[in-house]
Amino acid sequence: MTKRLGIFGFPLGHSLSPAMHGAALRLLGIDATFEAWPTPPDQLRTALKVMRQADHLGASVTLPHKQAVIPMMDTIDEWAREIGAVNCIANRGGKLFGFNTDAGGFIRALREEAAFDPAGSSVVLLGAGGAARAAGFALRRAGAQRLTVANRTMERAEALAGDLRQGRFRPGACGIDRDSLADVVPYADLIVNATSIGMRGGPAASESPVSADLISDRALAYDIVYAPPVTPFLREAERAGARAVGGLSMLVYQGVEAFKLWTGNDPPVDAMFEAARGAIKGSH
Ligand code: NAP
């Protein structure tokens with residue numbers, strides 16, 4: 001029986017996941033398909049019932065469903081509970097297990113693409129939405145020492161900073177205007193863009209959240225945005241002489257972790273990177 005995998009989201013746009021997972025399935029000779037499943041919110045519950053059938057191995061979950069699927073799971077893992085979002089579902093004997101692989105994917109991307117260890121670091125996290133939440137909790141767990149959440153909507157920055165507070169880890173919050181950023185960005189070892197600023201087709205596609213003159217040349221700039229591969233933020237970081245890494249690595253590593261949860265196989269990481277890069281090029 002050919003098994004099925006897919007991605008739930010709405011609107012789904014041009015998802016890289018079918019190309020990335022399709023390449024991995026083919027390379028390992030696994031008899032399964034990975035499809036795009038655009039699912040409006042009012043159809044999510046029905047779609048998840050189908051997921052329990054024996055031919056369904058699991059699914060990726062993206063906007064706007066990452067929170068909504070939680071009460072529809074039989075079990076969720078520690079990461080998903082802490083972050084409050086599920087981006088990966090595995091069907092095990094008709095029971096649905098929810099995971100968050102965004103957080104682990106983000107840390108693995110920092111470690112493997114930039115040889116950056118967050119332990120003891122000072123971080124500015126731009127954004128307070130779903131991606132920022134996953135990055136913030138992942139950085140806390142990886143031992144970041146100081147963190148400031150900077151966001152357009154100040155209340156959301158404060159809420160995320162508050163959720164992240166634990167023991168001696170006391171994140172701050174500020175706006176995303178230049179004056180606020182000037183107080184924190186120059187001193188950061190790691191600056192993460194987890195806003196949609198710079199995203200192709202997004203509300204501020206040609207903008208960077210930070211300009212080069214605020215970025216230290218010893219910083220690492222990580223843009224969670226992956227399309228285009230070189231965003232305006234990464235260009236500003238390069239102008240500042242800083243290291244700059246794009247979000248494709250997080251996307252692939254969250255997929256690598258998910259693939260292992262679905263199939264039990266060691267994922268072919270290089271082939272997944274290659275397929276994802278090809279799919280980005282093809283989406284112009
Ligand atoms: P989200 O929950 O909708 O959050 C969007 C964030 O961007 C919020 O902080 C929002 O600020 C901010 N924002 C949006 N437009 C803005 C503007 N014009 N000016 C200033 N701030 C703005 O979205 P998300 O899921 O976190 O996704 C954010 C980005 O990360 C997207 O580009 C997504 O594709 C990418 N992403 C990548 C991966 C990966 O694997 N690489 C994974 C997940 C997401 P407010 O709070 O003020 O609205």
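The values are calculated or read from the model by the stated rules, or taken from the named source; none is laboratory data. Model, not experiment: these values are computed from the prediction. A quick note on method: Cβ atoms are made from the backbone with ideal geometry, for glycine too, and the neighbour counts reach across all protein chains shown. What goes into the accessible areas is simple: the full protein's heavy atoms, side chains included, and nothing from ligands, DNA or RNA. Shrake-Rupley method; radii C 1.70, N 1.55, O 1.52, S 1.80 Å.
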**Report entry** the chain - percent of accessible surface contributed by carbon and sulfur, probe 1.4 Å
**Finding:** 50
Report task. Return the percentage of antiparallel bridges among DSSP beta bridges fully within the chain, rounded to the nearest 5 %. Result -> 20
Requested in this report: Work out the FRET efficiency for D266 and R152 from their Cβ-Cβ distance, taking R0 = 45 Å, and round it to the nearest 0.05.
Outcome: 0.65
Requested in this report: Using a Förster distance of 45 angstrom, determine the FRET efficiency expected from the C-beta separation of E238 and Q43, and round it to 0.05.
Outcome: 0.55
Report task. Report the Stokes-Einstein translational diffusion coefficient (µm² s⁻¹, integer) for the chain, Rh taken as the Kirkwood radius over Cα pairs, at 20 °C with viscosity 1.002 mPa s. Result -> 112
Query raised in the report: Given labels modelled 7 Å from the Cα in the Cβ direction, how far is it in nm from K95 to A212?
Result: 5.5
Query raised in the report: If you stretched the chain out fully between Q166 and D55, how much longer would it get, using 0.36 nm times the residue separation minus the C-alpha to C-alpha distance?
Result: 35.8 nm
Report task. Give me the accessible area per residue for the chain, probe 1.4 Å, as a whole number in Å². Result -> 44
Query - Charge-dipole axis of the chain as Lys and Arg at +1 and Asp and Glu at -1 on Cβ define it, positive-most pick from A135, A115, M1 - result: M1
Report task. Excluding residues on the same chain fewer than 8 positions from K49, give the lysines whose Cα lies under 21 Å from its Cα. Result -> K3, K66, K95
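Taking the Cα centre of region 67-150 as origin, work out the dipole magnitude from +1 charges on Lys and Arg Cβ and -1 charges on Asp and Glu Cβ, in debye rounded to 20.
That gives a dipole near 120 debye.
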**Report entry** With DNA, RNA and ligands ignored, accessible area of H65 (1.4 Å probe; Å², nearest 10)
**Finding:** 0
